[in-house]
Amino acid sequence: SVPLGFFSGIGNASKNGILIKGSNYLEALSHVDTIVFDKTGTLTEGAFEVYQTHLPDEQVDNNTLIKLATLAEYHSNHPVAKSIIQFSNHQVNLDDIIALEEVSGKGVIVKSKMGLIIAGNKSLMHDQSIIIPEILSPYTHIYIALDGKYIGAFDIRDKVKKDAHETIKRLKTLGYRVLMLTGDRKEAAHAVATSLDIDTVYSELLPEDKYEKVISLIHDGANVAFVGDGINDAPVLASANIGISMGAIGSDAAIEASDVVLMTDEPSKIPQAIQISKITKKIVT
Ligand code: ADP
Ligand code: MG
């Protein structure tokens, strides 16, 4: 049977917007020694701002670039897609979309009446044999291709969350090992990690690479909590000793795959949840 203290611990957590799916997870949370954070939407706002667009030798004009990108991203709920849609003030005609495919951790491929539009990162462009230029800025770059040809790119940037730095500092002071994993490019990942004092960062990872990374940490003896926003991270959430998702924006699949769901998207809920698990354990044992 489950000691009564665990139920009060779960109740206490839920009053603080931390939903723990069972007493076994509250117990498991108290044993964690390594906290692995996803970047986008977890440590950062997940609300990218378009900083500038790039147009190589004027194949299309800026308005056309934005319009094609908006059409391609319209049905995606990735933070990158949302930022591009918000930036554009173009009313796109959704009837122009014929078929679409979202490539998890890479971007979107959309068959439209305007042609085949691909919007995504360097890796997606390479997979599709599209030749792209190197863009040198410490931001996230979303490349756009039309019918197999690169037509332009978006430089987009995200902000770290208000309480992220304080949270990382607190976790490190308490003796936790803190890592960050991301599908984003190296330069953008390192800019965020540096500003947060996170020294271990793995970038340009696919959702399955994140899963592998957590499995290998566990294999090496770590007791891992993974924290994600629920976009593209259902596999890694399920692979950690404890999967924590920020439920406000996450997908149903991610909520399903996680053991703890945070009702708000504040990283400071993580040390709070751990503290509740430790206090509860003291009461119970
Ligand atoms: P993170 O690990 O930062 O949460 P994801 O694994 O969700 O990121 O995505 C990794 C990268 O894939 C993004 O930085 C972006 O470059 C690209 N990407 C993912 N989804 C899209 C999309 N809908 N449109 C364009 N690019 C995308
Ligand atoms: Mg993500």
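Just so it is clear, none of the values below were taken in a lab; they were calculated from the coordinates. A quick note: this is a predicted structure, and the numbers were derived from the prediction, not measured. All Cβ positions, even for glycine, are placed from backbone atoms using ideal geometry, and neighbour counts span all protein chains on display.
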Nearest 0.05, what FRET efficiency do Glu212 and Lys113 give at R0 = 45 Å with Cβ-Cβ as r?
-> 0.70
Out of Gly175, Gly152, Ala164, whose Cα points farthest toward the positive end of the dipole of region 132-190 (charges: +1 Lys, Arg; -1 Asp, Glu; placed on Cβ)?
-> Gly175
Cα axis of helix 207-219 to longest principal axis of the chain: angle in degrees, 0 to 90, nearest 10?
-> 30 degrees
Based on DSSP H runs of at least 4 residues, each adding -39500 (n - 2.57), what is the mean residue ellipticity at 222 nm of the chain after dividing by all its residues, to the nearest 500 deg cm²/dmol?
-> -11000 deg cm²/dmol
Starting from the Cα-Cα distance between Tyr51 and Lys15, subtract it from 0.36 nm times their residue separation and give me the gain in nm to one decimal.
-> 9.0 nm
Report the semi-axes of the equivalent ellipsoid for region 166-263 in whole Å, largest first, where each axis is √(5λ) for an eigenvalue λ of the Cα gyration tensor.
-> 20, 16, 15
Taking the Cα centre of region 49-157 as origin and charging only Cβ (+1 Lys, Arg; -1 Asp, Glu), how large is the dipole, in debye to the nearest 20?
-> 160 debye
Orientation-averaged projected area, Cα convex hull of the chain (nm²) | 15.6 nm²
Integer Hz, Karplus 6.51/-1.76/1.60 couplings in order for region 29-34, x for Gly and Pro = 4, 6, 9, 5, 10, 9
Ranked list, fewest to most other Cβ atoms within 10 Å of each Cβ, for Val108, Val32 | Val32, Val108
Assigned charges on the beta-carbon of Lys, Arg, Asp, Glu; region 115-207 dipole about Cα centre (debye) = 360 debye
Set of aspartates and glutamates with alpha-carbon distance to Lys213 below 17 Å, sequence-local pairs under 8 removed = Asp33, Asp38, Asp184, Asp199, Glu204, Asp233
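Taking the mean number of other Cβ atoms within 10 Å as a proxy for protection, how do you rank 34-44, 143-153 from highest to lowest?
Numbers: 34-44: 25.4, 143-153: 20.5.
Result, highest mean first: 34-44, 143-153.
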Counting only backbone N atoms under 19 Å from a point 7 Å out along Cα-to-Cβ of Asp95, the residues of region 49-75 in range are 68, 71-72, 74-75
Cβ-based charge dipole, the chain, positive-most Cα from His54, Ser8, Ser239 | Ser8
Compute the acute angle (0 to 90°) between the alpha-carbon long axis of helix 62-73 and the principal axis of greatest extent of the alpha-carbon atoms of the chain; round to the nearest 10°.
-> 50 degrees
For the chain, build the charge dipole from Cβ charges (+1 Lys, Arg; -1 Asp, Glu) around the Cα centre, then report which of Ile35, Ile18, Ile66 sits farthest towards its positive end.
-> Ile18
At 7 Å along the Cα-to-beta-carbon direction for both Glu58 and His219, put a label point, then send me their distance in nm to one decimal.
-> 5.5 nm
To the nearest Å, what is the center-to-center distance of region 39-68 and region 84-118, using C-alpha atoms only?
-> 13 Å
Using Cα positions and a limit of under 23 Å, work out the lysines in reach of Lys159, with same-chain residues fewer than 8 apart set aside.
-> Lys39, Lys82, Lys106, Lys122, Lys169, Lys172, Lys186, Lys210, Lys269
Magnitude of the Cβ-charge dipole (Lys and Arg +1, Asp and Glu -1) of the chain about the Cα centre, nearest 20 debye, reported as 1040 debye
The simple spin-label model distance between Lys278 and Met263, using points 7 Å out along Cα→Cβ, in nm, is 2.5 nm
